[in-house]
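The values are calculated or read from the model by the stated rules, or taken from the named source; none is laboratory data. From a predicted model like this one, the values you see are computed outputs, not experimental measurements. Reconstructed Cβ throughout: ideal geometry from the backbone, glycine too, with neighbour counts over all protein chains shown. Side chains are part of the model used for accessible areas, which takes the heavy atoms of the whole protein and leaves out ligands, DNA and RNA. Shrake-Rupley method; radii C 1.70, N 1.55, O 1.52, S 1.80 Å.
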Amino acid sequence: MKKFVSIVGCLLLGTGGLHAQKDISHNFEISKNLEIFNDIYKQLDLFYVDSLSADTVIGWAIDGMLRQVDPFTEYYPENDMGELREMTTGKYAGVGSIIRYYKKEDRVMMVEPWEDSPAAEAGIKAGDIILDIDGVDVKGKNVTEVSKMLRGDAGTSFEIRIKRSGETAPLTFKITRRNISVPPVPYYGKLNDEVGYIYFDRFTENCSRDVRRAIIELKEQGARSLILDMRGNPGGLLSEAVEIVNLFVPKGQKVVYTKGKLASVNAEYHTTKEPLDATIPLVVLVNGGTASSAEIVSGALQDMDRAVIMGSRTYGKGLVQIPREVPYHGSLKVTTSRYYIPSGRCIQAYDYRHLNADGSVGTVPDSLTHEFSTAAGRPVRDGGGIKPDVVTPEDSLPTLVYDIVASDVTLEYVCKYASEHPTIAPAGEFSLSDEDYADFVKMVEESGFKYKRRTEDVMNLLKQTARFEGCFEGAEAEFEALQKKMSGDTAADMMRFKEDIKPFIENDIVSRYYYRRGALLQQAGHDNDVKAATELLANPAEYAKLLKPQK
């Protein structure tokens with residue numbers, strides 16, 4: 001026995017020695033490389049032909065170091081701390097408007113003043129082109145530069161001079177900045193007599209209160225089922241994700257747990273309150289822009305068989321970040337752990353530690369994912385985000401639609417339309433007439449707008465390849481005839497894709513009169529996923545079937 005104990009003791013001592021040796025080696029490598037970095041910078045500062053900016057050079061070095069981990073680990077120096085606070089709270093001090101660069105004027109335009117914002121209250125309208133701010137001409141300045149000029153301490157004022165469509169002379173307004181809170185639930189309402197709809201687009205402080213209020217009001221209005229739209233929701237506070245899940249599931253349920261390198265970051269999060277409604281039929285809409293805390297909510301509700309998840313596969317962010325203070329009032333938002341939802345799966349899709357040969361980030365292939373089970377026994381998988389229970393086809397729009405919607409000419413048309421129409425039909429009922437759309441097509445033609453079909457690029461590549469391989473000769477006429485057919489006729493194509501283009505223009509016009517809530521209501525009427533969710537909720541048997549294991 002003594003001999004056995006001695007052998008075990010020696011083995012343990014040897015193992016401990018190996019760990020200690022590894023730690024010493026690791027610490028030495030850190031010290032060595034920090035000393036090298038410090039010395040190289042000192043020598044550059046002393047001997048380099050030009051003077052160096054420490055903030056710039058070391059800032060680049062920090063950025064390069066952080067690129068070796070993951071895109072969610074970020075350094076915020078003191079002058080960028082407002083960005084971090086805005087991300088977590090949804091609040092900032094400014095005027096409350098989305099702005100966009102307008103190429104034709106080489107200036108920035110106010111494209112969406114928010115309802116009840118300082119900009120809207122001062123008289124600013126969507127489409128106003130900024131000429132100067134407190135006498136400083138902003139011609140040539142980009143969106144970031146102008147945004148910094150519009151923001152400032154709450155209570156401070158400034159004068160802004162703008163150019164407005166339909167006005168012969170510039171207009172001047174005085175705007176007083178105040179704290180702006182970006183609403184996490186910009187719209188909710190009933191789609192029909194029984195289905196309530198909640199558009200939820202960010203996880204900020206106390207966002208669960210807004211979702212809770214929306215549910216209560218919708219139920220009071222007679223809603224018997226709900227659609228929670230989290231498409232494009234990038235996530236945010238993990239604690240708020242737990243609160244959102246708690247609205248629909250009983251007290252004491254484990255929603256998510258985290259695991260990291262340090263024991264101090266390992267934690268479990270349970271529901272702590274009685275649910276608002278544990279039985280109301282619920283469909284959650286998701287897509288590739290649904291990430292982080294939004295994936296915790298959709299994944300937990302799926303694992304608990306509490307909601308039908310509908311849409312397309314989510315982003316796949318299974319990592320958790322916490323802010324750490326750094327010297328001189330900065331902060332490092334650093335990934336400290338992975339999170340796991342109730343079934344035990346981690347839905348992280350990207351492997352940032354093992355890049356592809358071209359430097360791109362690799363994803364976990366489906367063949368290497370593992371199967372888990374929901375509470376009812378339905379199979380679900382880890383890696384690759386949340387796969388919906390009902391997968392709907394993603395919108396596939398022609399190149400023309402994307403190019404025309406993003407163009408300045410569409411912006412100009414919307415401004416012109418708004419200046420010529422003091423009022424329009426209510427949101428959800430508004431529609432461009434055929435005559436209005438014909439005017440838009442004419443305006444696009446007269447603007448000289450051009451778009452290039454992707455098929456033209458493919459055809460040119462095919463012709464180059466044919467020449468290279470020596471088979472172009474003799475087929476040149478066929479190539480030219482095919483390329484002629486492939487070349488775009490803007491006006492004809494705009495009429496062909498009229499039903500794809502119109503909803504985008506209508507949404508932009510509606511937002512001028514009814515702000516974002518109106519645009520979201522207008523959009524819901526044309527949304528295929530919303531229609532599919534509404535139809536599913538109208539079929540209780542099919543809804544219940546989706547939440548049970550398939551035999």
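Some points to look at:
- With respect to (1) open to solvent by 10 Å² or more (accessible area, probe 1.4 Å); (2) within 22 Å of the chain's Cα centre (by Cα); (3) not aliphatic (A, V, I, L, M), the lone exception for residue 318 is condition (1).
- Search result, residues across region 377-391 that are buried (at least 17 other Cβ atoms within 10 Å of the Cβ) and not in a strand (DSSP E or B): 378, 382, 383, 384, 385, 386, 387, 388, 389
- Scanning region 284-311 for residues that are in a helix (DSSP H, G or I), in contact with a helix residue (DSSP H, G or I) (Cβ under 9 Å, 6 or more places away or on another chain) and either closer than 15 Å to residue 198 by Cα or open to solvent by 10 Å² or more (accessible area, probe 1.4 Å) (or both) yields 294, 297.
- Condition check for residue 209 on (1) under 22 Å from the mean Cα position of the chain (by Cα); (2) in a strand (DSSP E or B); (3) farther than 23 Å from residue 535 by Cα: one failure, at (2).
- Residues in region 239-255 include none that are open to solvent by 40 Å² or more (accessible area, probe 1.4 Å), part of a strand (DSSP E or B) and touching a helix residue (DSSP H, G or I) at 6+ places or on another chain (Cβ under 8 Å).
Here is a yes/no grid of residues against (1) exposed (fewer than 15 other Cβ atoms within 10 Å of the Cβ); (2) polar (S, T, N, Q); (3) modelled with pLDDT of 75 or more:
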residue	(1), (2), (3)
460	yes, yes, yes
463	no, no, yes
467	yes, no, yes
470	yes, no, yes
477	yes, no, yes
489	yes, no, yes
492	yes, no, yes
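- Among the residues of region 334-376, those identified as open to solvent by 80 Å² or more (accessible area, probe 1.4 Å), out of contact with any helix residue (DSSP H, G or I) (no Cβ under 8 Å at 6 or more places or on another chain) and of a type in the set (Gly, Ala, Ser) are 357, 367.
- Qualifying residue in region 392-400 (condition: in a helix (DSSP H, G or I), free of Cβ contacts under 8 Å to residues at least 12 places away in the same chain and either closer than 28 Å to residue 129 by Cα or out of contact with any helix residue (DSSP H, G or I) (no Cβ under 6 Å at 6 or more places or on another chain) (or both)): no
- When residues of region 203-223 are limited to those that are of a type in the set (Lys, Arg) and closer than 14 Å to residue 277 by Cβ, the one surrounded by the fewest Cβ atoms within 10 Å (Cβ to Cβ): 213
- Note on region 406-440: residues that are part of a helix (DSSP H, G or I), modelled with pLDDT of 90 or more, surrounded by fewer than 16 Cβ atoms within 10 Å (Cβ to Cβ) and of a type in the set (A, V, I, L, M) total 1.
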